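Asker: Quick one: the structure is below, questions incoming.
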Number of protein chains: 4
Amino acid sequence: MYNNMEIKPYRHEVKYYECDRMGITHHSNYIRFMEEARVDWMDQLGYGFDRMEAEGVVSPVVAIECRYRHTSTFKDIIDIEVDVAEITALKISFKYTMRVGSNTVCTATSTHCFLEQGRPVSLEKRFPELYKRIITIPNSEKR
Amino acid sequence: MYNNMEIKPYRHEVKYYECDRMGITHHSNYIRFMEEARVDWMDQLGYGFDRMEAEGVVSPVVAIECRYRHTSTFKDIIDIEVDVAEITALKISFKYTMRVGSNTVCTATSTHCFLEQGRPVSLEKRFPELYKRIITIPNSEKR
Amino acid sequence: MYNNMEIKPYRHEVKYYECDRMGITHHSNYIRFMEEARVDWMDQLGYGFDRMEAEGVVSPVVAIECRYRHTSTFKDIIDIEVDVAEITALKISFKYTMRVGSNTVCTATSTHCFLEQGRPVSLEKRFPELYKRIITIPNSEKR
Amino acid sequence: MYNNMEIKPYRHEVKYYECDRMGITHHSNYIRFMEEARVDWMDQLGYGFDRMEAEGVVSPVVAIECRYRHTSTFKDIIDIEVDVAEITALKISFKYTMRVGSNTVCTATSTHCFLEQGRPVSLEKRFPELYKRIITIPNSEKR
């Protein structure tokens, strides 16, 4: 039963090389943290992107939205909560909340499609079990 | 007279290290290309970010939106057109159109505030001449 | 007593965005892993780079040597052992051994000086206690 | 005739996102500038890495050495001179001199092998014409 599954937030500690001349985490790096968190989320679901790639399916990003609410910096621990914002046959959108302690530093979404040999593929048909797992995750909004 | 000013698109050639396992430009790098294009845009306007920083004002990003329309890869030449989407006393939004030849690979916006010693500062009051230059640039929409 | 101190290897899991078109960890990233490991090493010694920076001392890299022995890729766990290769009043050199399982993927060294307000500073005089801790760490060569 | 060929230095302007908390170009980025310069050097020779990759040959880095002599920062123009330090059937070493104006900021070397389907391949046998061009470039030391 996956609908009781507890997905743990992903944790990223800010690296020295991720900070810029203003002394803060460079804004482009949050896009990378989102990827890290998404990869971890898929791993926790038991179906990693590496396994998907090994089966010939890639999942490029089609859109990103990111709101920078507070700065973070070297050695800050960012906890990233990932949720599914929307899922259709051909696309999935994730929602991210990134916190340093109780301080929300960034909220974001990313939207992805699935491609096999360059062509769009339905997640529902191609990976039905994974699709079922995803749609039965309780929405964190409701927790 | 700045309202006749011709702002040239910024050009970025995709580097080997900017491409990922899928063989395409990693999506996080477009956020960096936007920064490069914005820096160049300010330079063309005659008031670079380095000069602003030297006067104690920084311009952090508060929001990003990015739509990935086509992939690009190693050695592709990306031409990036920058326009002002909106400007108020405290914020400025840029609009980016990134093309490889006639192919639009990415469209995006970024929103920025201005800070002096950590506090919001009005671009209009702090850099009135720059503000005036910006508002008199003909909107590229209308070109 | 620090000379019995056990310094644990630093662990880095290779990220998707750290891999290149060849499908392997891009070689420039190992330089960043070295920095991560060095930061962690200083933290384990009880005197982090953030604390040093807060006291006005920075530690720029003056030289790097890196031998890439095997490739690594997405999701590989790299264990990085850090040792002091040499220490003088003005410089410190670290030695790094990076392993994926029992497979050595990279060996490297980095050399650093210490600057305060742009001028070289003696680690021994400026941070005598830290200096003492470092020179009493048993050389891992001898373990 | 290639032995009269003039290879032009590669030019890199330091980006905002390439600078770190110390306000200087992060040391890991010079490794990337070397790659950019090497790619450009091959292009000037008329045999780009993209063409080599298209023929199934990749050229991974086996070693890097880098000496950081002066700092560089945002907007600095770095001119990078590339020379062949050594070439054998199986390996090639490049030498890099990076200057901001007349100020040498970094000197470096990189060593590369050539792989086809994961196996070492002789540059001389696989790409005899390219090999000949390389060995007839006048050593810049002697210019």
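Where a number appears in this text, it was derived from the coordinates with a stated rule and is not lab data. Computed from a predicted model, the values in this text were never measured in an experiment. Neighbour counts run over all protein chains shown; Cβ positions are idealised from the backbone, glycine included.
Asker: For the pair A:K75 and D:T136, how long in nm is the line joining their label points, each one 7 Å along Cα→Cβ?
Answerer: 5.9 nm
Asker: Here is a follow-up. Could you please state, rounded to a whole Å, how far the C-alpha centre of the stretch D:71-143 is from the C-alpha centre of the stretch A:106-140?
Answerer: The distance from the Cα centre of the stretch D:71-143 to that of the stretch A:106-140 comes to 44 Å.
Asker: Continuing with this model, one more query. Straight-line reach from A:K132: which lysines fall under 24 Å, measuring Cα to Cα and dropping same-chain residues less than 8 apart?
Answerer: Qualifying lysines at Cα under 24 Å: A:K8, A:K91, A:K95, A:K142.
Asker: Let me ask something else about it. Report Rg (one decimal) and Dmax (nearest whole number) for the protein assembly as shown, counting Cα atoms only, units Å.
Answerer: Computed over the Cα atoms of the protein assembly as shown, radius of gyration and Dmax are 24.6, 73 Å.
Asker: Moving on. Considering only the other residues whose Cβ falls under 10 Å of the Cβ of B:F74, what net charge follows from Lys and Arg at +1 and Asp and Glu at -1?
Answerer: Around B:F74, the charge tally is -3.
Asker: Enumerate the calculated ³J(HN,Hα) couplings along the stretch D:116-130 in order (Karplus 6.51 cos²θ - 1.76 cosθ + 1.60, θ = phi - 60°), each rounded to whole Hz, writing x wherever the residue is Gly or Pro.
Answerer: 10, 6, x, 10, x, 10, 7, 4, 4, 7, 6, 10, x, 5, 4
Asker: Rounded to the nearest 20 debye, what is the charge dipole size of the stretch A:36-124 about its Cα centre when +1 sits on each Lys and Arg Cβ and -1 on each Asp and Glu Cβ?
Answerer: So the dipole magnitude of the stretch A:36-124 works out to roughly 360 debye.
Asker: Under the rule of -39500 (n - 2.57) per DSSP H run of 4 or more residues, summed and divided by the residues of chain D, what mean residue ellipticity at 222 nm is obtained, to the nearest 500 deg cm²/dmol?
Answerer: Only helices count here, giving -7000 deg cm²/dmol.
Asker: How high is the relative contact order of the stretch A:10-135, given as a whole-number percent (alpha carbon pairs under 8 Å, six or more residues apart)?
Answerer: Reported as a whole number, the value is 27 percent.
Asker: If one takes the longest principal axis of the Cα atoms in chain D, at what angle in degrees, from 0 to 90 and to the nearest 10, does the Cα axis of helix D:28-44 lie?
Answerer: Once rounded, one gets 40 degrees.
Asker: On full extension of the chain, what length is gained from A:R119 through A:D43, given 0.36 nm per residue of separation minus the C-alpha to C-alpha distance?
Answerer: 24.9 nm
Asker: Next question. P(r) for chain D, please, calculated from all Cα pair distances in 10 Å bins and given in %.
Answerer: In order of increasing distance, the bins hold 11, 41, 32, 15, 2 percent.
Asker: Report P(r) for the stretch B:8-72: all Cα-Cα distances, bin width 10 Å, range 0 to the bin holding the largest distance, values in whole percent.
Answerer: Histogram of Cα-Cα distances, whole percents per bin: 17, 43, 29, 10, 0.
Asker: Just in the stretch C:35-96: which GluC sites (Glu not before Pro) are loop by DSSP and have at most 12 other Cβ atoms within 10 Å?
Answerer: When the GluC sites (Glu not before Pro) of the stretch C:35-96 are filtered for loop state and at most 12 Cβ neighbours within 10 Å, C:E55 remain.
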